[in-house]
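Trainee: Below are the structure tokens for one structure; questions will follow.
The values are calculated or read from the model by the stated rules, or taken from the named source; none is laboratory data. These figures come from a predicted structure and were not determined experimentally. Methodologically, a virtual Cβ is constructed for each residue, glycine included, from the backbone with ideal geometry; neighbour enumeration extends over all protein chains shown. The accessibility values were calculated without ligands, DNA or RNA, using every heavy atom of the protein model including side chains. Shrake-Rupley method; radii C 1.70, N 1.55, O 1.52, S 1.80 Å.
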Amino acid sequence: MVNIVVGYVYQLPLERALLSIVISSFVVIIMGVFDFYHFYTKRTQLARLKSSEEVTFKDLPESNGSVEKDYQVIIQKINQQLLALENEAAHTEQEILDYFTTWVHQIKVPIAALHLILQEDEAEVSDELEEQLFKIDQYVNLILQYVRLESSSTDYHFQEVDVDDLIRENIKKYAPSFIRKKLTLHYEMIHLRVVTDAKWLSFVIDQLLSNALKYTHEGSISIYLENQSLVIEDTGIGISAEDLPRVGQRNFTGFTGRQQKNATGIGFYLSKQVIQKLGHQLFLSSKAKKGTKVSIHFDKQEMITK
């Protein structure tokens with residue numbers, strides 16, 4: 001437009017103005033293509049970084065202008081601050097974990113001593129004292145597993161495990177409770193081998209068996225295999241229909257928790273978290289005053305039966 005106006009004012013030939021327009025347009029097109037290529041390349045890199053799970057400062061495309069360089073300097077400072085916060089949080093988490101671990105090991109010493117006293121002078125000690133001591137030991141182990149599970153440094157060791165070994169180990173642990181409460185145990189060898197973490201799966205079986213004993217005052221507890229699932233079923237007080245969907249949420253106890261003052265709901269919550277991390281599935285069905293049925297389901301790829 002400037003060429004046309006200038007040509008008109010000075011009465012220059014129209015061909016000269018058109019030639020200037022063509023040359024200018026050619027230069028603009030070349031510059032536009034070059035600029036669009038850089039824009040498209042940078043946009044593609046940013047889109048790829050947006051879909052990536054992990055992005056570092058080095059992955060950012062090279063800045064062209066001074067404004068982009070200033071933005072990258074600011075991003076680098078923010079990144080350094082976040083790294084410092086993460087390191088501080090990890091350090092604090094490790095300190096808490098070390099403290100609880102030390103506390104648990106320290107309190108286990110007097111617990112072990114009391115167990116020895118019970119064995120040596122059993123005639124003078126009531127069964128109630130032995131039961132309360134067993135509960136203390138349970139709660140100590142529970143808080144240790146809670147801290148370990150919430151820690152980002154928790155590792156898992158997967159291997160082929162005989163589930164019967166884990167079941168027998170926990171049955172032996174709770175044998176005095178079965179005798180004390182006069183409950184019947186129905187269990188036969190299930191001959192099940194799965195790929196899992198033995199320590200954490202044993203912890204889940206321990207918690208499910210502990211809950212079954214806690215809320216069953218008469219009747220029986222059954223352990224059996226059903227449709228590729230390990231089932232622990234009791235004839236206890238059960239769970240009301242309105243509470244059932246929320247069982248397993250953190251700190252939820254429901255109507256049962258209001259009746260049982262010592263109920264915290266943390267055991268089943270941790271069991272759900274552990275089962276999820278192990279790649280298995282946990283199912284719960286229950287009716288009030290008719291008992292509860294909990295199933296740990298294993299995928300076919302994770303299970304080897306004999």
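Trainee: Determine, yes or no, whether ASN64 is open to solvent by 90 Å² or more (accessible area, probe 1.4 Å) and touching a residue at least 24 places away in the same chain (Cβ under 8 Å).
Mentor: Working: open to solvent by 90 Å² or more (accessible area, probe 1.4 Å): yes; touching a residue at least 24 places away in the same chain (Cβ under 8 Å): yes.
Answer is yes for this residue.
Trainee: Has the range 83-102 got at least one residue that is more than 30 Å from VAL140 (Cα to Cα), among the charged types (D, E, K, R) and either free of Cβ contacts under 8 Å to residues at least 60 places away in the same chain or open to solvent by less than 80 Å² (accessible area, probe 1.4 Å) (or both)? Even if it seems obvious, please write down each step before you answer.
Mentor: Applying the first criterion (more than 30 Å from VAL140 (Cα to Cα)) to the range 83-102 yields 83-85.
Subset that is among the charged types (D, E, K, R): none.
No.
Trainee: Please go through the range 166-197 and pick out each residue that is within 18 Å of SER229 (Cβ to Cβ) and without any contact (Cβ under 8 Å) to a residue 40 or more places away in the chain.
Mentor: LEU166, ASN170, HIS186, TYR187, GLU188, MET189
Trainee: GLU233 - would you say it is part of a loop (DSSP other than H, G, I, E, B), at pLDDT 85 or above and of a type outside the set (Val, Ile, Thr)?
Mentor: Values: part of a loop (DSSP other than H, G, I, E, B): no; at pLDDT 85 or above: yes; of a type outside the set (Val, Ile, Thr): yes.
Judged against the criteria, GLU233 is not a match.
Trainee: Let me ask something additional. Name every residue in the range 280-306 that is touching a Ser or Thr at 6+ places or on another chain (Cβ under 9 Å), at pLDDT below 90 and more than 23 Å from HIS217 (Cβ to Cβ), in order of residue number.
Mentor: GLU302
Trainee: Does LYS42 count as on the phi < 0 side of the Ramachandran plot and in contact (Cβ under 8 Å) with a residue 12 or more places away in the chain?
Mentor: Working: on the phi < 0 side of the Ramachandran plot: yes; in contact (Cβ under 8 Å) with a residue 12 or more places away in the chain: yes.
So LYS42 passes the test.
Trainee: Turning to a different aspect of this structure: Quickly run through the range 182-226 and pick out the residues that are surrounded by fewer than 15 Cβ atoms within 10 Å (Cβ to Cβ) and assigned to a helix (DSSP H, G or I).
Mentor: LYS199
Trainee: Right, next: Being surrounded by fewer than 13 Cβ atoms within 10 Å (Cβ to Cβ) and modelled with pLDDT of 75 or more is the requirement here; does ASN170 meet it?
Mentor: On the way: surrounded by fewer than 13 Cβ atoms within 10 Å (Cβ to Cβ): no; modelled with pLDDT of 75 or more: yes.
Against the criterion (surrounded by fewer than 13 Cβ atoms within 10 Å (Cβ to Cβ) and modelled with pLDDT of 75 or more), ASN170 does not qualify.
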